[in-house]
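What follows is a short report on a single structure.
Bear in mind these aren't lab numbers, they're just calculated from the coordinates by the rules spelled out. Bear in mind the structure is a predicted one, so any value in this text is a computation, not a measurement. Note that each Cβ is placed from the backbone with ideal geometry, even for glycine, and that neighbours are counted across all protein chains shown.
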Amino acid sequence: MANLRIWGQYKSEAEQFICSCIQKGNNSFKKTAGGLLWCLPWNNLQYSATASLVSAVYSKYLTDAKASLQCPGGVVQPSDLISLARSQADYVLGQNPKGMSYMVGFGLNYPTQAHHRGASIVSIKKDPKPRWDGDVVQEGRSEPECVGWGNSW
């Protein structure tokens, strides 16, 4: 019985989060002029990406249950959640005021000196030397590897 209470609490909090993301909650998240959900100034894309994932997963749940979500600001349909998830992904991939993809190597205009090494890892076959985040920036080069059509695959 205690587990049911905990799961009910999780569901309630997830629904409050979703209502806030979709702009129908009591404390809705801010959005930038370009439409990106805005939570915190540092590493904000992790929050908009999480909101996208949660929205897409909950949309599937609502669709399977043939249900909708009642938020303080109105009813939310599964299609509304998919639209939110898609809008956040599209923003990250370049449909934003700068026309810039925030994924290294995706599109024509993307970051070339990403701060974190994980954004662009050179193949060990090309360069077995250990590297750290600052190598690329300090050397004034663009990232050696890109996501997508694979320079290293």
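Details
- Subset of Lys31/Lys60; Lys60/Lys98; Lys11/Lys60 violating a 20 Å alpha-carbon distance limit: Lys31/Lys60; Lys60/Lys98
- Gain on full extension, evaluated as 0.36 nm per residue between Asp90 and Trp42 minus their Cα-Cα distance, stands at 15.3 nm.
- Radius ratio Rg over Rh of segment 2-92, counting only Cα atoms, Kirkwood formula for Rh: 0.98
- The residues Ser79, Ser55, Ser20, Ser68, when put in order of fewest to most other Cβ atoms within 10 Å, stand as Ser79, Ser68, Ser20, Ser55.
- Taken one residue at a time, the phi angles of segment 63-78 give Karplus couplings (6.51, -1.76, 1.60, θ = phi - 60°) of 4, 4, 7, 6, 10, 9, 10, 8, 9, x, x, x, 7, 10, 8, x Hz. Gly and Pro are set to x.
- Reducing segment 21-62 and segment 66-109 to their Cα centroids gives an inter-centroid distance of 8 Å.
- Length added when fully stretched, Thr63-Ala49, from 0.36 nm per residue minus Cα-Cα: 2.9 nm
- Scattering profile of segment 1-42 at q = 0.26 Å⁻¹ [log10 I(q)/I(0), Debye over alpha-carbon scatterers]: -0.84
- Placing a pseudo-label 7 Å from each Cα along the Cα-to-Cβ vector at Glu15 and Gln77 gives an inter-label distance of 2.0 nm.
- Residue by residue, segment 17-25 carries 3J(HN,Hα) couplings of 4, 4, 4, 5, 5, 7, 6, 10, x Hz when phi is fed to the Karplus relation 6.51 cos²θ - 1.76 cosθ + 1.60 (θ = phi - 60°); x denotes Gly or Pro.
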